[in-house]
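Chemist: Have a look at the structure that comes next, please.
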Amino acid sequence: MKKITTILAVIVFTIVSVTAQNKNAKQMEKHITNPWKWQDERSYVQAVEVKQPAGTLYVSGQAAVNADGTSSTEDMKSQIILALQNLETVVTQAGYEPSGIVRLTIYTTSSAEFWPHFSLFQEWIAKHGIKQATSLMEVKSLFETLKIEFEATVVK
């Protein structure tokens, strides 16, 4: 009986210690730097500083690739929607939240085709409360028939 009491005391002490450490642990902080206001209309920020992250996820470029692995042959609008869905799926499956995206690089084969559907991107950003540094690049081509790709860095 004395051994059981001692073991229980050690377990309780360990649980209390871990709980106290978790309460004293600092939580992640994000600090946004925006010297200007014009970027607000474009749904990004100039810089994001992250302090005390619990983890960082580097997400490969997510494009309009169907669940069976085939590349979409649809128009830009459809590809944007599918690529954002794929990005969200990877982020959440990894145990992160889209709101933790701090860096987002957009690759497109045609800025001219992308701009008429930019509001889809902005709505997705707003829906998740994302404040991210962003770069947009027009590239000569992407894999197969793809028109858009989103590459992200996510923290929690």
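Chemist: Please work out how much length the chain gains when fully extended from Gln39 to Ser119, using 0.36 nm per residue of separation minus the C-alpha to C-alpha distance, in nm with one decimal.
Modeler: The Gln39-Ser119 span can extend by a further 27.4 nm.
Chemist: Be a star and scan region 101-123 for residues whose amide nitrogen sits under 12 Å from the point 7 Å along the Cα-to-Cβ vector of Asn66.
Modeler: It comes to no residues whatsoever.
Chemist: Okay, moving on. In whole angstrom, note down how far apart the Cα centers of region 131-148 and region 28-62 are.
Modeler: Going from one Cα centre to the other spans 19 Å.
Chemist: Which of the residue pairs Lys127/Lys156; Lys37/Lys131; Lys30/Lys131; Lys51/Lys156; Lys26/Lys51; Lys37/Lys77 have a Cα-Cα distance greater than 20 Å in the structure shown? It would help to have the intermediate numbers written out before the result.
Modeler: Numbers: Lys127/Lys156 18 Å; Lys37/Lys131 14 Å; Lys30/Lys131 9 Å; Lys51/Lys156 10 Å; Lys26/Lys51 9 Å; Lys37/Lys77 28 Å.
In this structure, Lys37/Lys77 lie more than 20 Å apart at Cα.
Chemist: Per residue, how much accessible surface does region 26-155 expose to a 1.4 Å probe? Answer in Å², no decimals. Walk me through the intermediate numbers first.
Modeler: On the way: 7360 Å² over 130 residues.
Averaged over the residues of region 26-155, the accessible area is 57 Å².
Chemist: In nm, what is the difference between 0.36 nm times the number of residues separating Gln85 and Leu136 and their Cα-Cα distance? Kindly include the intermediate steps, with their values, before the conclusion.
Modeler: Values: separation 51, 0.36 × 51 = 18.36 nm, distance 1.87 nm.
Working it through step by step, the gained length comes to 16.5 nm.
Chemist: If you take every residue apart from Ile80 with its C-beta less than 13 Å away from the C-beta of Ile80, what net charge results, scoring Lys and Arg +1 and Asp and Glu -1? List each step's numbers first, then the result.
Modeler: Values: positive: Lys77, Lys147; negative: Glu74, Asp75, Glu88, Glu113, Glu123, Glu149.
Summing Lys and Arg as +1 and Asp and Glu as -1 gives -4.
Chemist: I'd like the chymotrypsin sites (Phe, Trp or Tyr not before Pro) in region 29-71 restricted to DSSP loop residues with at most 14 other Cβ atoms within 10 Å, sorted by number. Please report the intermediate quantities before stating the final value.
Modeler: On the way: sites: Trp36, Trp38, Tyr44, Tyr58; in loops: Trp36, Tyr44.
Here the sparse-neighbourhood loop sites are Trp36.
Chemist: What aspartates and glutamates does Lys147 reach when the alpha-carbon gap must be under 12 Å and sequence neighbours fewer than 8 apart in one chain are set aside?
Modeler: Within reach: Glu74, Asp75, Glu113, Glu138.
Chemist: Using a 7 Å offset from the Cα along the Cα-to-Cβ direction at both Glu144 and Lys51, what is the distance between the two label points in nm, to one decimal?
Modeler: If labels sit at Glu144 and Lys51, their model points lie 4.6 nm apart.
Chemist: Provide the net charge surrounding Pro98, with neighbours chosen by a C-beta distance below 10 Å and charges set as Lys +1, Arg +1, Asp -1, Glu -1.
Modeler: Working: positive: Lys127; negative: Glu88, Glu97.
Here the charged neighbours net out to -1.
Chemist: Please compute the modelled spin-label separation between Thr92 and Lys77, points set 7 Å along Cα→Cβ, answer in nm with one decimal.
Modeler: The modelled label-to-label distance comes out at 2.4 nm.
The values are calculated or read from the model by the stated rules, or taken from the named source; none is laboratory data. Fair warning: this is a prediction, and the values are worked out from it, not measured in the lab. FYI the Cβ positions are ideal-geometry reconstructions off the backbone, even for glycines, and counts take in every protein chain you see. Only protein heavy atoms, including side chains, enter the accessible area calculation; ligands, DNA and RNA are left aside. Shrake-Rupley method; radii C 1.70, N 1.55, O 1.52, S 1.80 Å.
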